[in-house]
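**Student:** Let me begin by handing over the structure; questions about it come next.
The numbers here are math on the coordinates, done by the rules we state, and not lab data. It should be emphasised that the depicted structure is a prediction, and the values quoted were computed from it without experimental measurement. Positions of Cβ are backbone-derived with ideal geometry, glycine not excepted, and every protein chain shown enters the neighbour counts.
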Amino acid sequence: MGEHRARPGGATRLTAAELAEVARVFHQRTEAVQVLAEAGFDHARLPTWQARSPSEFWHEVNDLLGMGILADGRRRVLAVAAGCYPANDLLRAAASAAEAEESADPGGPTGPTAPPPAGPLSAADIGRFVDDAFPPYQRWGDRDALIEVVTRLLRPDETPLDIANGTFGRSTPGSGIIALTSGGITIADRETNGTLSQLLRIAWPQVHEARLAHRRRGILVAVADLELVTDHGRIIFRGLLRDPAIRITERIRTTISAQAAPG
């Protein structure tokens, strides 16, 4: 997930240098949580610290900032961090730069998961959505087949919001698809001929909770299990890569919260 500049009220990420420094300086759980609390971070939505390195913890915090969990998140976190260590030149300079960028850049919404226009989508629209959602190594080596699968997941009146692949049911790793749409959540397996099996649709009002259980597969690949609590029980979608898993889970939780809010 790439870095971008701050924009007022929007989703903002720490740069690589800023992220490395806050992980180095705030390497103890108590200090890290205190900084985030003072910046306005909801304690209930903090990543867990247990069995994690400070770098992993702060990377997950940064992913949440990038998804918009805290308005002006980068500026606010850096301001508190610099206030804790005013003689830290890097933090002080980063906080000043974030403040200046926010004042100078009124930019609009960005990010690969912004929904396309509502209404029936063309093949070109779905192709762009797939290209934005999946890096090349996650496209099964067959972009056209993936576009066909995504097309089948969408009903004519649905707008795609986000999508990721992992494992569902009997599928092999990477062959399952979970799609978030304007109508709810769709999960399916892709078979070798491109057909779908074990298709499961859950309307948004039926989704009550999304839980993320992090685990590791192999040496460098961090994956996660997404557990959904619905009217019909618990559903587990396994093996999402870490960044898509966090992104998908946060969007589900945001949608659940929005639906639960009094209208």
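**Student:** Sort largest first and round to whole Å: the equivalent ellipsoid semi-axes of the range 16-104, each the square root of five times a Cα gyration tensor eigenvalue. The partial results should precede the final answer.
**Tutor:** Details: eigenvalues 76, 45, 25 Å².
For the range 16-104, the ellipsoid semi-axes come out as 20, 15, 11 Å.
**Student:** Counting other C-beta atoms within 10 Å, and keeping those with at most 16, which DSSP coil trypsin sites (Lys or Arg not before Pro) do you find in the range 31-89?
**Tutor:** On the way: sites: 45, 52, 74, 75, 76; in loops: 52.
Passing sites in the range 31-89 are 52.
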